[in-house]
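Enquirer: Dropping a structure here in structure tokens format, bear with me for questions.
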Amino acid sequence: MWFGAIDRMKVILDAKQIEAALSDLTDSIAQQVSANVDIAVIGIRSRGEILAKRLSQRLSDKLGKTVPYGTLDITLYRDDLNDPQSDAQPTVRSTELPFDINEKIIILVDDVLYTGRSTRAAMDALVDFGRPKAIRLAVLVDRGRRELPIQADYIGCKVDIGPGQSVEVNLVDTDDKDQVIVK
Amino acid sequence: MAKKRDKKFRWQRKHLLGLRELDREEIEFILDTAKGFEQIGARSIKKAPPLRGKVVANMFFEDSTRTRNSFALAAGRLSADVIEFTKKSSSVSKGETLLDTARNLEAMGVDIVVVRHGAGGAPKFLSRNINACVVNAGDGFNEHPTQALLDVYTIRQMRGSLDGLKIGIVGDIAHSRVAGSGIWAMTKLGAEVTLIGPPTLMPAQAHRLPVKISYNLDDVIEQLDVINMLRIQFERMGKNPFPSVREYSHFFGLTVERMKSAKPDIIVMHPGPINRGLELESEVADGPNSVILQQVANGLPVRMAVLFLVNQAAVLEH
């Protein structure tokens, strides 16, 4: 899906469209995985965690085998930890990877891909746990404007959003309803 | 375990001097942060980068095994460089003052000073006179905040929360900085604390603390959910505070016999090092109710959290 430039607050994906996007993501991931390779889904806290859980269920159904999922907290790997300008209090939360990542294809999941800095941090965190066969990136929304040479392998929807605006992914599990809005 | 925290909450202390001055929210924030550090010790590369390029000085003017090594390892796991400094092998033995020593370390670019000192208030004094972050690793009879934090972290791990728990701290309260910090951490987190020991080992102003006091362990042991056995600190005592070691052990030692009157799931703690057979019988120290080694293990994530947070506060100050 391509939405072009958006300039004011707007719902860009409703619950149905998120459902469809996840279904597309599942299909494209499943197509590229051969039967004899183990895959696992790992979500970046916090929205990526919920998406990873949903993707792992869909993939398990589709592939007819259990696809495990885990959660990655990237706070300790952020590149703005020692930057006095950053305004947020970083809260360290736990990483839960209840499986060995060695020799697996890891589908790294985030809600929004923007500068690419979270992805960089997540990859650094992951390799401290072992050496996966490959890491692939799946995102629900790609809002463009990268600051690092990082691209997603699987994209739910693409939309060009300027730095003054923010993309908010709401999911039933934490925010009462599924929707993606731009403010 | 982690509750929803006010979004506006922000950790702002670049020094950890004691727990008396912290509020419940701050203590819980340290414990929740420590939870996030727990898994680092369980993975293939036991290191994370948040203190990369920072220097931590371990300044120990008193002996220590657990605390010093635990801080050194915690700093290393956060990728900091560590300078080890002990009284015996340094110029302090040539008469250099605490402040001069610290200023010299600071001139080498030390970012965080972890200090243990025989004089209560030494860490506070340092914090007022140098720019680096200061973490108290035990000062005189005053406080030992990271020990108390790992104690409450361990209790929370076992029971989920301290709210309503009855905790007994037994023994040499007057000379104990572990009790000095523990009382604040435990009561602020909602536990009811009873200090238990002979009158000669009670602090002079014990009645002004938010605790109950008992001079008879057998009177209260059956009510306790947690019992924290303190070490008899012979090195700090003046004249005999009790007639004999055997008598102390008879009235205040935790023995297999005495454990029979305790709740079956009582948590037995000790900050170490243990005087085996004195305050704690070996069978109890190594028994199923003991969490003594779990306390030591929990020291790591708790100290990582403290080092991480004081450094974050220092970064934001600029």
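Enquirer: Need the full-extension length gain, B:Ser282 to B:Ser161, defined as separation in residues times 0.36 nm minus the C-alpha distance. One decimal, nm.
Expert: Working it through step by step, the gained length comes to 40.7 nm.
Enquirer: Just want the ordering: A:Asp27, B:Asp139, from fewest to most Cβ atoms lying within 10 Å of their own Cβ.
Expert: On the way: A:Asp27 14, B:Asp139 27.
The order, fewest Cβ neighbours first, is A:Asp27, B:Asp139.
Enquirer: Shape verdict for the stretch A:2-150, please, from the Cα gyration tensor: rounded (a/c under 1.5), prolate (a/b greater than b/c) or oblate. Before the final figure, lay out each step's value.
Expert: Numbers: a/c = 1.91, a/b = 1.13, b/c = 1.68.
Oblate is the answer for the stretch A:2-150, as a/c is 1.5 or above yet b/c matches or exceeds a/b.
Enquirer: Given the Cα atoms of the stretch B:74-133, and with Rh set as the inverse mean 1/r over their pairs in the Kirkwood sense, what is Rg to Rh to two decimals?
Expert: 0.95
Enquirer: Gaussian network model of chain B, Cα springs within a sub-10 Å range: biggest mean-square fluctuation belongs to which of B:Glu21, B:Glu143, B:Glu106?
Expert: Ranking B:Glu21, B:Glu143, B:Glu106 by mean-square fluctuation puts B:Glu21 first.
Enquirer: Rounded, prolate or oblate: which fits chain B, taking a ≥ b ≥ c as square roots of the Cα gyration tensor eigenvalues, rounded meaning a/c under 1.5, else prolate when a/b beats b/c? Intermediate results must be reported in sequence, preceding the final value.
Expert: Values: a/c = 1.83, a/b = 1.39, b/c = 1.31.
Judged from the Cα gyration tensor, chain B comes out prolate (a/c at least 1.5, a/b above b/c).
Enquirer: Can you give the relative contact order of chain B as a percent, counting alpha carbon pairs under 8 Å and 6+ residues apart?
Expert: Averaging sequence separation for qualifying contacts and normalising by length gives 21 percent for chain B.
Enquirer: When only alpha-carbon atoms count, how far does the protein assembly as shown stretch along each of its three principal axes, as whole angstroms with the largest first?
Expert: 84, 54, 41
Enquirer: Among B:Ala34, B:Ala119, B:Ala107, which one shows the biggest mean-square fluctuation in a GNM of chain B, springs joining Cα atoms closer than 10 Å?
Expert: Fluctuation is largest for B:Ala107.
Enquirer: Right, something else. For the stretch B:145-295, what does the relative contact order come out to in percent, with C-alpha contacts under 8 Å and a separation of six or more? Before the final figure, lay out each step's value.
Expert: Values: 264 pairs, mean separation 36.6, N = 151.
Result for the stretch B:145-295 is 24 percent.
Enquirer: Starting from the Cα of A:Lys62, move 7 Å in the Cα-to-Cβ direction to define the label point; list residues of the stretch A:130-152 whose amide nitrogen is under 13 Å from there.
Expert: A:138-139
Enquirer: List the residue ranges in chain B for DSSP H helices whose C-alpha atoms run 15 angstrom or more along the long axis and whose Kyte-Doolittle average is 0.0 or above.
Expert: Qualifying helices, which must be both long enough and hydrophobic enough, are B:177-188, B:292-317.
Enquirer: Consider just the alpha-carbon atoms of the stretch B:95-185 and return their Rg together with their Dmax, both in angstrom.
Expert: Answer for the stretch B:95-185, Rg first and Dmax second: 15.9, 49 Å.
Enquirer: Right, something else. Sort the stretch B:174-318 into rounded, prolate or oblate with this rule: let a ≥ b ≥ c be the square roots of the eigenvalues of the Cα gyration tensor; rounded if a/c is under 1.5, and if a/c is not under 1.5, prolate when a/b is larger than b/c, oblate otherwise.
Expert: Numbers: a/c = 1.79, a/b = 1.51, b/c = 1.18.
Because a/c hits 1.5 or more and a/b exceeds b/c, the stretch B:174-318 counts as prolate.
Enquirer: What's the exposure ranking of A:Ser23, B:Ser290, B:Ser181, going from fewest to most Cβ atoms within 10 Å? Write down the numbers at each step before the final one.
Expert: Values: A:Ser23 13, B:Ser290 20, B:Ser181 26.
Ascending Cβ contact count within 10 Å gives the list A:Ser23, B:Ser290, B:Ser181.
Enquirer: May I pose another question? In the Gaussian network model of chain B, springs joining C-alpha atoms below 10 Å, which of B:Gly53, B:Gly95, B:Gly287 carries the largest mean-square fluctuation?
Expert: Taking springs between Cα atoms under 10 Å, the residue moving most is B:Gly95.
Enquirer: Also, quick follow-up: Counting only pairs 8 or more places apart or on different chains, how many lysine pairs in the stretch B:145-295 have C-alpha atoms closer than 17 Å?
Expert: The result is 4.
Enquirer: Roughly what would the spin-label model give for B:Ile213 and A:Ala15, points 7 Å off Cα along C-beta, in nm?
Expert: According to this spin-label approximation, the distance is 6.3 nm.
Enquirer: For B:Glu235, B:Glu192, what ranking results if the residue with the fewest other Cβ atoms within 10 Å of its Cβ goes first?
Expert: Details: B:Glu235 9, B:Glu192 19.
Lowest to highest Cβ neighbour count: B:Glu235, B:Glu192.
Enquirer: Still on this structure, I have one more. Count the DSSP beta bridges whose two residues both fall in chain B, then state the antiparallel fraction as a percent rounded to the nearest 5. Before the final figure, lay out the partial values.
Expert: On the way: 1 of 37 bridges.
Close to 5 percent.
Enquirer: Looking only at other chains, what is the average number of their beta-carbon atoms within 10 angstrom of each beta-carbon in A:72-85? Can you show the working numbers first?
Expert: Working: counts 0, 2, 0, 5, 12, 3, 2, 1, 1, 8, 10, 3, 5, 2.
What the average comes to for A:72-85 is 4.
Enquirer: May I ask you to derive the FRET efficiency for B:Gln223 and B:Ser44 from their Cβ-Cβ distance with R0 = 41 Å, giving the value to the nearest 0.05? List each step's numbers first, then the result.
Expert: Values: r = 45 Å, r/R0 = 1.11.
My answer for the efficiency is 0.35.
Enquirer: Here is a further query. P(r) of the stretch B:20-145 in 10 Å steps, Cα pairs, percent per bin?
Expert: Over the stretch B:20-145, the share of Cα pairs per 10 Å bin runs 12, 40, 36, 11, 1 percent.
Enquirer: Would you mind getting me the FRET efficiency between A:Gln151 and A:Asp79? Use the beta-carbon distance for r and R0 = 22 Å, nearest 0.05. Please report the intermediate quantities before stating the final value.
Expert: Details: r = 19 Å, r/R0 = 0.85.
So the FRET efficiency works out to roughly 0.75.
Every number here is computed from the coordinates shown, using simple stated rules; none is lab data. The structure presented is a predicted model; accordingly, all values stated were derived computationally and were not measured. All Cβ positions, glycine included, derive from the backbone under ideal geometry; neighbour counts span all protein chains shown.
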